[in-house]
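Colleague: Okay, here's the structure, questions in a sec.
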Amino acid sequence: MRAPKSTHMYTDFFQAPVTFNGGATALCFPASVLATPIRTANPHLYASLCEDLRRSLHGKDDLNLLEEALRAWVMHAGRRSDVVTLEHAAADFGVTPRTMQRRLKEQGISFLDLRAQVRMEIARRLLVDSPLSITSIAEQLGFSEISAFTRAFRSYAAESAGISAKHLSYRPESPRRVSR
C-alpha cells in the first residue's frame, strides 16, 4: 500500500507505528499477547457455531479442500523454494510425503505444478504491485537465474514478465488452473 499524505490516522487507529511501502503486509506483536483472554469471548456461541459448521460440512464434497489448503500453505510458507517442498508441506499437514502425494494424485494434482502456479501468481502480483525489479522478484521466488524465471512466467502467463510489469495486466479473474 502506498503511503498516504497523512499517516497519523493509521497510527492513531492501530496505536502503534505503521510502515508503508514494505515488502509484505504484517501485523507484529509479542507472542505473550496470544495468552491474553478475550473479554468478549462467548464459549456458548463458539460451541454453537462449531456445531453449525460441523453440520453444514457433513456430507459435503471436500475435493477442493486439500488443494485450497495447500495453496494457502504455499503462499504462507513464503517465496523460498527450499522451504516450499512436498516434505515440508506434508510435515506441516501432519502426514507423510507419500500420503500427501497419494491424496493429491487422487485429485489429479501435482504438488510441483501447484507450487509453480502459486509462485507465478505471486510473481504477477509483485510485478504489478511492487517496485521490485524482475531480477529481485526472480530471486525472491527462488529462481537461480532470471532466464529460468522469465521462461516459467512466459509459459504461465502467455506473456513476458517485462510486458506484464509494464502494462500492469494482472487479472485475478482468469488464473490458470492445475489440470485434473
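Colleague: What are the residues in segment 142-156 that are among the hydroxyl-bearing types (S, T, Y) and surrounded by fewer than 16 Cβ atoms within 10 Å (Cβ to Cβ), if any?
Modeller: S144, S147, S155
Colleague: Continuing with this model, one more query. I'm trying to understand the selection: among the residues of segment 8-26, which are out of contact with any Phe, Trp or Tyr (no Cβ under 8 Å at 6 or more places or on another chain) and in a loop (DSSP other than H, G, I, E, B)?
Modeller: Of everything in segment 8-26, those that are out of contact with any Phe, Trp or Tyr (no Cβ under 8 Å at 6 or more places or on another chain) and in a loop (DSSP other than H, G, I, E, B) turn out to be Q15, A16, P17, T19, F20, N21, G22, G23, A24, T25, A26.
Colleague: Right, here's the next one. Kindly list, by first and then second residue, each pair from a residue in segment 145-157 that is on the phi > 0 side of the Ramachandran plot and acidic (D, E) to a residue that is buried (at least 16 other Cβ atoms within 10 Å of the Cβ) and not in a loop (DSSP other than H, G, I, E, B), limited to pairs with Cβ atoms under 8 Å and residues at least 6 apart or on different chains.
Modeller: Here the result reads none, with nothing in segment 145-157 linked to a residue that is buried (at least 16 other Cβ atoms within 10 Å of the Cβ) and not in a loop (DSSP other than H, G, I, E, B).
Colleague: Being in a helix (DSSP H, G or I) and surrounded by 14 or more Cβ atoms within 10 Å (Cβ to Cβ) is the filter here, so list the residues in segment 93-112 that pass it.
Modeller: F93, P97, M100, Q101, R103, L104, F111
Any read-out appearing in this document is the output of simple, stated calculations on the displayed coordinates, not a laboratory observation. Everything quoted here is computed from the prediction, not taken from an experiment. So basically every Cβ, Gly included, is an ideal-geometry build from the backbone, and we count neighbours across all protein chains shown.
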